[in-house]
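Chemist: The structure is given below, and queries will be raised subsequently.
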Protein chains: 2
Amino acid sequence: MSKEFKQELAARANEVEKYLKSCLQLEGIPGELQEAMKYSLMAGGKRVRPVLCLAWGEMTGASTKDILPFASGLEMIHTYSLVHDDLPAMDNDDLRRGKPTSHKKFGEALAILAGDGLLTQAFAMMLKASFPAENVLAAVSTVAQAAGPAGMVGGQCMDMRATGQESMELDDLKNMHAMKTGALLRAACCSGAILAGSDPVKGKDTCNAHNYGSNIGLAFQIVDDILDVTGDEISLGKPVGSDESVNKSTYPRFLGLEKSRNLAQTAADEAKACLKDYHGPGREFLYKLAQYIVDRAS
Amino acid sequence: MSKEFKQELAARANEVEKYLKSCLQLEGIPGELQEAMKYSLMAGGKRVRPVLCLAWGEMTGASTKDILPFASGLEMIHTYSLVHDDLPAMDNDDLRRGKPTSHKKFGEALAILAGDGLLTQAFAMMLKASFPAENVLAAVSTVAQAAGPAGMVGGQCMDMRATGQESMELDDLKNMHAMKTGALLRAACCSGAILAGSDPVKGKDTCNAHNYGSNIGLAFQIVDDILDVTGDEISLGKPVGSDESVNKSTYPRFLGLEKSRNLAQTAADEAKACLKDYHGPGREFLYKLAQYIVDRAS
């Protein structure tokens, strides 16, 4: 299943990739800023957030073509967060996906500005989505909340504070990850359903997307922590063997490897259960994705 | 006129001030991040961008109460730009309005995150404006374009590149300022009119707001440059006598003081001409504001 699924994931990511390439061909952006923004945006990655948004949109009634610009905005937000997190004052990483990080390649000032530019341009793009204005407003609001100080930015702040400390509790760890990476993954799923017309608060599809996103976010993070220990792959986060993996609070550290694997499987199963009312290729893809996340760690 | 006008400006700014105080009382923001965001947001300033948005909205038919959350978002975007511009890798400023800059007070990591948090939260707030969804979408889009890589972020990038160089042409200087500070001032005016119902592209009020904003932006910058030379006040930008004022491209450097003053007055007059079709207190305020900007330098 895994190889076939990887091909489908790559095919879906490829749609996003093509769109992203065209995104930053905007007039009036200084050349070096454009270059720095593109460098990080086109540096690879599984494009998980846009793919989630597209699949949830597809499954709940919106066309891929219409959602693509919005979904690509999610990748720009994810990319900005990586560029800023890599900065010397933050995680101080020299490499990202095997290439020099933005500040190593372009200097710190341009890296900060490239991140700021990606974040702001993401909103400009998402706001142009071809859906009823109410749906677009609600979807962009969902993403803004998730990416902001009570979401992703807040999570990074908690992570910075925790670095070097050994005393983080399991609940704090869960909360930190739910904000740092979980919130945007969840918003990616929800925004697809909201664009397709689901009520942002009470809509059944929005609730299912929310629960699916929370659970795969949790599974993702546990598996990342497991791979950080067993060391054969990385996906969401830090290079294996980076300074941070020493003394870092992780799921295996709290629960051991076996219990961590079980917790990840439970989360994946709960994610799958959120799909029971749907059908079609989007549903199949999301079902397999939940299992794929866990299979990476076994 | 000046003293009376200053009181009116302060009274209008005070409305914004009160709203801003309540803005960041959000659940789920880590305490230190919330503190850093508030520290910079509540550090004073004339609140020119929100006041412009409110006055244009008022003059074209929207209530102050309804526009206030949106207008406050503009101040959060302005504040984030100051926090990031002050960073060691950028302008490396220790003081801002007589107080330690964010990174001096909280460290670089938290300053970067406070800026990121303010920018993202600004979008979350603006998207909640109580106007028809189409108007809100168009207004937030206008701001996102203005604040992004083809606007404010791009202008800061050009400014960074120009620092230390003596060879900037007058047209480059104009273009850089039009992006770095002009774009958001213009968007502040336009978004007020757009929220009130003016078409974002072809609306007469939007066009007038656009031209008014461009002209006061230009006047503002010329006057800032003049004050940088004559040294009695600062408003938009850098502390007098900071490293940058040496060898910096400025209007007086290109044109001399007298011609610079004349150019600022011409811009103010053109701004006033954009108001000829309006009446009421908003109109009076905007008219006086245009002249007030120029009078600061005489």
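Chemist: Please report the buried accessible area for the interface of A with B, total over both chains, probe 1.4 Å, in Å² to the nearest 100. Before the final figure, lay out each step's value.
Modeler: Details: alone 13150 and 13190 Å², together 22610 Å².
Approximately 3700 Å², summed over both chains.
Chemist: What dipole magnitude, in Debye to the nearest 20, does the range B:87-165 give about its Cα centre under +1 on Lys/Arg Cβ and -1 on Asp/Glu Cβ? Show your work: numbers first, answer last.
Modeler: Values: 7 positive and 7 negative charges, 49 e Å.
Around 240 debye, computed over the range B:87-165.
Chemist: Listed here are the pairs B:Lys46/B:Lys204; B:Lys21/B:Lys46; A:Lys21/B:Lys174; B:Lys65/B:Lys276; A:Lys105/B:Lys248; A:Lys105/A:Lys180; which of them are more than 23 Å apart at the Cα? It would help to have the intermediate numbers written out before the result.
Modeler: On the way: B:Lys46/B:Lys204 28 Å; B:Lys21/B:Lys46 15 Å; A:Lys21/B:Lys174 31 Å; B:Lys65/B:Lys276 25 Å; A:Lys105/B:Lys248 27 Å; A:Lys105/A:Lys180 25 Å.
Where the Cα-Cα span goes over 23 Å, the pairs concerned are B:Lys46/B:Lys204; A:Lys21/B:Lys174; B:Lys65/B:Lys276; A:Lys105/B:Lys248; A:Lys105/A:Lys180.
Chemist: Over the whole of B:21-28, what's the average partner chain Cβ count within 10 Å per residue? Rounded to a whole number, please.
Modeler: Values: counts 0, 0, 0, 1, 0, 5, 1, 9.
Averaged over the peptide's residues, the number is 2.
Chemist: At 1.4 Å probe radius, can you tell me the per residue accessible area of the protein assembly as shown in Å²? Mind dumping the intermediate values first?
Modeler: On the way: 22610 Å² over 596 residues.
Using a 1.4 Å probe on heavy atoms only, each residue of the protein assembly as shown averages 38 Å².
Chemist: List the DSSP H helices in chain A whose Cα atoms stretch 30 Å or more along the helix axis and whose mean Kyte-Doolittle hydropathy is at least 0.0. Each step should come with its number before you reach the end.
Modeler: Numbers: long enough: A:2-23 (31 Å, -0.98); A:64-86 (32 Å, 0.02); A:204-230 (39 Å, -0.04).
Membrane-span-like by this criterion, though nothing is claimed about a membrane: A:64-86.
Chemist: As an exercise, identify the GluC sites (Glu not before Pro) in the range B:1-73 lying in DSSP coil whose Cβ has no more than 14 other Cβ atoms within 10 Å.
Modeler: Numbers: sites: B:Glu4, B:Glu8, B:Glu15, B:Glu17, B:Glu27, B:Glu32, B:Glu35, B:Glu58; in loops: B:Glu27.
Loop-located and lightly packed - B:Glu27.
Chemist: Here's another thing I want to ask about it. Which value, in debye to the nearest 20, gives the size of the charge dipole of the protein assembly as shown about its Cα centre, when Lys and Arg are +1 and Asp and Glu are -1 at the Cβ?
Modeler: On the way: 64 positive and 76 negative charges, 187 e Å.
Dipole magnitude for the protein assembly as shown comes out near 900 debye.
Chemist: When only alpha-carbon atoms are used, what values of Rg and Dmax, in angstrom, describe the protein assembly as shown?
Modeler: 24.4, 78
Chemist: Counting only helical runs of four or more DSSP H residues, what would the 222 nm mean residue ellipticity of chain B come to if each run contributes -39,500 (n - 2.57) and the total is spread over all its residues? Don't jump to the answer; show the numbers that get you there.
Modeler: Numbers: 13 runs with 204 residues, N = 298.
Roughly -22500 deg cm²/dmol at 222 nm, from the helical runs in chain B.
Chemist: May I ask which residue of A:Phe131, A:Ala147, B:Asn92 lies farthest towards the positive end of the charge dipole of the protein assembly as shown, with charges of +1 (Lys, Arg) and -1 (Asp, Glu) on Cβ and the Cα centre as origin?
Modeler: A:Phe131
Chemist: Pick from B:Leu20, B:Leu74, B:Leu33: which is most flexible by mean-square fluctuation in a GNM of chain B where alpha carbon atoms under 10 Å apart are linked?
Modeler: Answer for the Gaussian network model of chain B: B:Leu33.
Chemist: Going by accessible area, probe 1.4 Å, with all protein chains left in place, what is the ranking of B:Arg161, A:Arg296, largest first?
Modeler: Values: B:Arg161 110, A:Arg296 25 Å².
From most exposed to least exposed: B:Arg161, A:Arg296.
Chemist: Could you work out the relative contact order of chain B, using alpha carbon pairs under 8 angstrom and six or more residues apart, expressed as a whole percent? Mind showing how you got there, number by number?
Modeler: Values: 434 pairs, mean separation 55.8, N = 298.
Contact order relative to length: 19 percent.
Chemist: Would you mind telling me the share, in percent, of accessible area of the range B:97-138 contributed by carbon and sulfur at probe 1.4 angstrom?
Modeler: After summing per-atom areas, the C and S share lands at 49 percent.
Chemist: Can you pull out the GluC sites (Glu not before Pro) in the range A:81-187 that DSSP calls coil and that have at most 15 other Cβ atoms within 10 Å? Numbers along the way, then the final one.
Modeler: On the way: sites: A:Glu108, A:Glu134, A:Glu166, A:Glu169; in loops: A:Glu166, A:Glu169.
The qualifying sites are A:Glu166, A:Glu169.
Chemist: Next question. Rule-of-thumb check for chain B: C-alpha Rg over 2.2 N^0.38 Å?
Modeler: On the way: Rg = 18.2 Å, N = 298, 2.2 N^0.38 = 19.2 Å.
Normalised Cα radius of gyration, chain B: 0.95.
Chemist: Something else: By per-residue mean of other Cβ atoms within 10 Å, what is the highest-first order of B:113-125, B:148-160, A:87-99, B:39-51?
Modeler: On the way: B:113-125: 28.2, B:148-160: 25.2, A:87-99: 16.9, B:39-51: 21.2.
Answer by packing, highest mean first, reads B:113-125, B:148-160, B:39-51, A:87-99.
Chemist: Give me D for the range A:72-162 in µm² s⁻¹, whole number, from Stokes-Einstein with Rh from the Kirkwood sum over alpha-carbon pairs, 37 °C and 0.692 mPa s. Spell out each step's value before the answer.
Modeler: Working: Rh = 14.0 Å.
Estimated diffusion coefficient is 234 µm²/s.
Chemist: Have a look at A:Leu195, A:Ser22, B:Asn262 and report the one farthest towards the positive end of the charge dipole of the protein assembly as shown, computed about the Cα centre with Cβ charges (Lys/Arg +1, Asp/Glu -1).
Modeler: Value: A:Leu195.
Chemist: Going by a 1.4 Å probe on protein heavy atoms, which residues of the range B:117-145 end up with at least 30 Å² less accessible surface in the whole assembly than in their chain alone?
Modeler: At a threshold of 30 Å² (probe 1.4 Å), the residues of the range B:117-145 that become less exposed are B:Leu119, B:Thr120, B:Gln121, B:Phe123, B:Ala124, B:Leu127, B:Ala133, B:Leu137, B:Ser141, B:Ala144, B:Gln145.
The values are calculated or read from the model by the stated rules, or taken from the named source; none is laboratory data. All values reported here derive from a predicted model rather than from experimental measurement. Don't worry about glycine lacking a Cβ; one is built from the backbone with ideal geometry, like all the others, and counts go over all protein chains shown. The area values use the complete protein model at the heavy-atom level, side chains included, leaving out ligands, DNA and RNA. Shrake-Rupley method; radii C 1.70, N 1.55, O 1.52, S 1.80 Å.
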